[in-house]
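Heads up: the structure comes next, in structure tokens.
Quick note: the coordinates plus some simple rules give every number you see, no bench work behind them. As the structure is a prediction and not an experimental result, all values here were calculated from the model. In this analysis, Cβ positions are derived from the backbone assuming ideal geometry, glycine residues included, and neighbour counts consider all displayed protein chains.
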Amino acid sequence: MGKNKNKHIKSSKKYYKDKHNSRGDMSAREYYRKSHAAEFEKYEDFTNQELRFMAMNLLGFECVHCGITDERILQIDHVFGGGSEERRNIGVRGIYIKILESNGYGYQCLCANCNAIKRIENHEE
């Protein structure tokens, strides 16, 4: 009886996923890029390095906690968490574009040390 129950659960999960997945066979990244095609097209001539520079420039090129300005160790931090999931879903390039399009809302510059401390204190990841 246990096997049949698990089989039913698996098949109902597959049915739900197939019926309610609005993006079809596309990955989350492909779906995001397709639904935000205008933004991606607007920045297509820029390299990832240039987009990072533009995003960091918008965010101030300074760690908001300690004030360090060495761009080699500055990182983009998601103020409200969820950076790993967003990076998996839309990619680094997508994040840079999202920062530029949102005028930096929800993002900040942190140095590597301050970012690590924030993740530990907030139990992120």
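Take the Cα of Glu39, step 7 Å toward its Cβ, do the same at Ile73, and the gap between the two points is 3.1 nm.
Neighbour counts of C-beta atoms inside 10 Å place Ile97, Ile68 in the sequence Ile68, Ile97, starting with the fewest.
Whole-Hz Karplus values for segment 90-104 come out as 10, x, 5, 4, x, 5, 4, 5, 4, 4, 5, 6, 8, 6, x Hz, taken residue by residue from phi with 6.51 cos²θ - 1.76 cosθ + 1.60 and θ = phi - 60°; glycine and proline positions read x.
Remark: relative contact order (segment 26-121) = 40 percent; criterion is Cα-Cα distance under 8 angstrom and separation of 6 or more residues. A cut-off under 13 angstrom between Cβ atoms defines the neighbours of Leu51, and their net charge, with Lys, Arg +1 and Asp, Glu -1, is -1. Residues whose amide H falls under 5 Å from that of Tyr107, counting only those 5 or more places apart or on a different chain, are Val79, with hydrogens built in the peptide plane.
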